[in-house]
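What follows is a single structure, written as structure tokens, with notes after it.
The values are calculated or read from the model by the stated rules, or taken from the named source; none is laboratory data. None of the values given here were measured: they were computed from a predicted structure. Cβ sites come from the backbone with ideal geometry, for glycine too, and all protein chains shown count toward neighbours.
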Amino acid sequence: MSQVSIFIQVQGRKGITEAKVPAAATVDELRSAITGAGVALDGNSVIFIDDAEQPLDGNGKKTVPALKNGTRVHVTRCKRIHTTVHFAEKTFKGDFPPGVRIRVVKLAAAHDFKMDPKDAAEHVLQLCNSTTRPASDTPLQELAQDGCELCFDLVPEKRVEG
């Protein structure tokens, strides 16, 4: 049976852990690979494949869909990340799966704010009350340290004074 390399990302933990699983792994085999890679799973743990809308079905004998080399597996306590984005006097609120990247949230907020695409391209998301600007490919669950909520400000990437 062929093996694939998966990348495990855990809520609140930076970095990625690599593991090997059968290409047609069952949920039980995936859970075993995750715990074998040093990630503790408990009754509150939820597993998402890439940026799937729904968590993995708990049926242990069921085959995990879409496993291939480079698949990102997200282990989290959140089924959705409640996200708020502030821009000027406006606020955008959305609920996203934990594996969704920052760039998707920015696009949704910019669309909601009816920003011109050129203007949106010159802005980035910054965590509220900080100067931290996560990379656009950062999954939300990596930033949700203690809960299932995130807050961002949409700010200019670079200020040009002249």
Could you tell me which residue of segment 1-31 is nearest to A144 (Cα to Cα), considering only residues that are crowded, with 16+ Cβ neighbours inside 10 Å and of a type in the set (D, E, K, R)? R31
Given (1) within 30 Å of P22 (Cα to Cα); (2) at pLDDT below 95; (3) surrounded by 13 or more Cβ atoms within 10 Å (Cβ to Cβ), number of the condition K61 does not satisfy: (3)
Total residues in segment 36-57, condition more than 19 Å from A25 (Cα to Cα) and under 13 Å from the mean Cα position of the chain (by Cα): 1
Name the residue, out of A66, A108, A52, that is buried (at least 16 other Cβ atoms within 10 Å of the Cβ), among the hydrophobic types (A, V, I, L, M, F, W, C) and assigned to a loop (DSSP other than H, G, I, E, B). A52
Mind checking which residues of segment 111-129 are part of a loop (DSSP other than H, G, I, E, B), under 20 Å from the mean Cα position of the chain (by Cα) and either buried (at least 17 other Cβ atoms within 10 Å of the Cβ) or β-branched (V, I, T) (or both)? none
